[in-house]
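Chemist: First the structure, then my questions, so here it is.
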Amino acid sequence: MSSPESSGPSSLPGVAGKVPTDALVAATGATEPRRTSRKAVLAWGLWDWGSAAFNAVVTTFVFTVYLTGSSFGPSGTVEAQLGWALAAAGLLIALLAPITGQRSDTSGRRKLWLAVNTYIVVGLTAAMVFVAPDPSFLWLGLLLVAAGNVFFEFAGVNYNAMLSQVSTPRSIGRVSGFGWGMGYVGGIVLLLIVYFGFIQGLFGVPEDDGWPVRLAMVVSAVWFGLFALPVLFAVPEYRGAGVKRQRVSFFASYARLGRDIARLWRESRATLWFLLASAVFRDGLAGVFTFGGVLAASVFGFSAGEVIIFAIAANVVAGVSTIAVGALDDRLGAKPVIVAALVGLVISGLVVFFLHDGGQIVFWTAGLALCLFVGPAQSASRTFLARIIPPGREGEVFGLYATTGRAVSFLAPTMFALFVGLSGEAYYGILGIVLVLLAGLLLLLPVKTAPPVMSSSR
């Protein structure tokens, strides 16, 4: 039996009522495989493994921490400048992601654009070696981080769209969970290399002039570049229903996007509601990792080294749970997994808040419980959407997925800052993140799990 979300009313001529996804694929001429190829899945998952170089090392634990240090300017100023740089990047992503995804669908060059955007990120990461610890280099560091975010999101749109090319309707949850899990595990391995090899001096890199971090960026670039190669060789280029749509100019793509969103509203309104709900709770999920280290240090007294150790443990827990829960996604459907994960996150967050006086043991237990639910929610969110996208529109709709996520990316930081500012206590920021997660959960509950499949216009 297919999962609850893998079927729905079809608007295809001559196909009425509820149609299994396998039949729908056959009717539309899409290129989803009949069986899951382990080789293709592993190659696809290795991209996620390699992407930890940008997610974990560049944007979360190493380079942005280096860039906001006292060497680049006064505290508060550099953080604000980083925020503005990332805000500008988010605006570009919101404006361009759906169009780039749509055009990769219709051109039949999904894999090509995954390669182009990935290796631009690799180049930008390697270029971070030139960012010396001096205020005059701050602009270069900000530019590289912001540009890296833009092209990483563009690559992610094509990568997510390829999920249907390496999975079947019955294995999509396990495959998606495997990919997310590989990302977490890859982050663990690379963080260990960077932390012990460069930060703790195991490789004997001179500590002056920021060389440990700068050389770590070169290693991270090589890491991503190598592990991104397998998917480009093992997974065929996209040749599904999307290439049958008429190609239009870049600016005409926006008019097509408007018509497609209107069609979504008429024929699959639940898809739009899911994009909204997922944007909110995904921002809450991002907030868990973004502010987890801050809370560990400021509220629970973790040292810098202990924060890194907790980060590694958090990635272990998130990776294992994400891979394990993928099978439940295929059995029960994505929505029950997301709902259960969000409930678990809200409860764990409240435990951290109310028991904050309990010391580090509270954060180690309840904090890791938070991480237990983050990965499954992220992975199941991707599979929920993948199951309801009409064949040939994966890149475009995952572009909307990126856009909606960026459109509300201010929520968790704003709520965190608001609660901390009103209370004067850092631990109150936990309540702000919990409220964002709760809002996403409430928005998700009414979303139907088997919305109609839209027609695929030319």
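Chemist: Considering 285, 257, which residue is more than 21 Å from residue 51 (Cα to Cα), open to solvent by less than 40 Å² (accessible area, probe 1.4 Å), in a helix (DSSP H, G or I) and of a type outside the set (Asp, Glu)?
Modeler: That would be 257, the only listed residue that is more than 21 Å from residue 51 (Cα to Cα), open to solvent by less than 40 Å² (accessible area, probe 1.4 Å), in a helix (DSSP H, G or I) and of a type outside the set (Asp, Glu).
Chemist: All but one of (1) modelled with pLDDT under 75; (2) farther than 28 Å from residue 359 by Cα; (3) touching a helix residue (DSSP H, G or I) at 6+ places or on another chain (Cβ under 8 Å); (4) not β-branched (Val, Ile, Thr) hold for residue 233; which doesn't?
Modeler: (1)
Chemist: Also, quick follow-up: Can you tell me which residues in the range 133-148 are open to solvent by 10 Å² or more (accessible area, probe 1.4 Å) and either of a type in the set (D, E, K, R) or part of a helix (DSSP H, G or I) (or both)?
Modeler: Correct list: 134, 135, 136, 137, 138, 139, 140, 142, 143, 144, 146, 147.
Chemist: State the number of residues belonging to the range 65-98 that are β-branched (Val, Ile, Thr) and buried (at least 19 other Cβ atoms within 10 Å of the Cβ).
Modeler: 3
Chemist: With the structure loaded, tell me whether residue 4 is touching a strand residue (DSSP E or B) at 6+ places or on another chain (Cβ under 6 Å), open to solvent by 40 Å² or more (accessible area, probe 1.4 Å) and either at pLDDT below 50 or of a type outside the set (Gly, Ala, Ser) (or both) or whether it fails that test.
Modeler: The answer is no for residue 4.
Chemist: Same structure, new question: Please find, within the range 308-335, the residue that is modelled with the lowest pLDDT out of those that are surrounded by fewer than 22 Cβ atoms within 10 Å (Cβ to Cβ) and over 14 Å from residue 374 (Cα atoms).
Modeler: Result: 308.
Chemist: Can you list the helices (runs of 4 or more DSSP H) lying wholly within the range 329-417 that have 1 or more residues being free of Cβ contacts under 8 Å to residues at least 24 places away in the same chain and on the phi < 0 side of the Ramachandran plot?
Modeler: Output list reads 334-354.
The values are calculated or read from the model by the stated rules, or taken from the named source; none is laboratory data. It should be emphasised that the depicted structure is a prediction, and the values quoted were computed from it without experimental measurement. Quick reminder, even Gly has a Cβ in these numbers, built from the backbone with ideal geometry, and neighbours come from all protein chains shown. Surface accessibility is based on the protein's heavy atoms, side chains included, excluding ligands, DNA and RNA. Shrake-Rupley method; radii C 1.70, N 1.55, O 1.52, S 1.80 Å.
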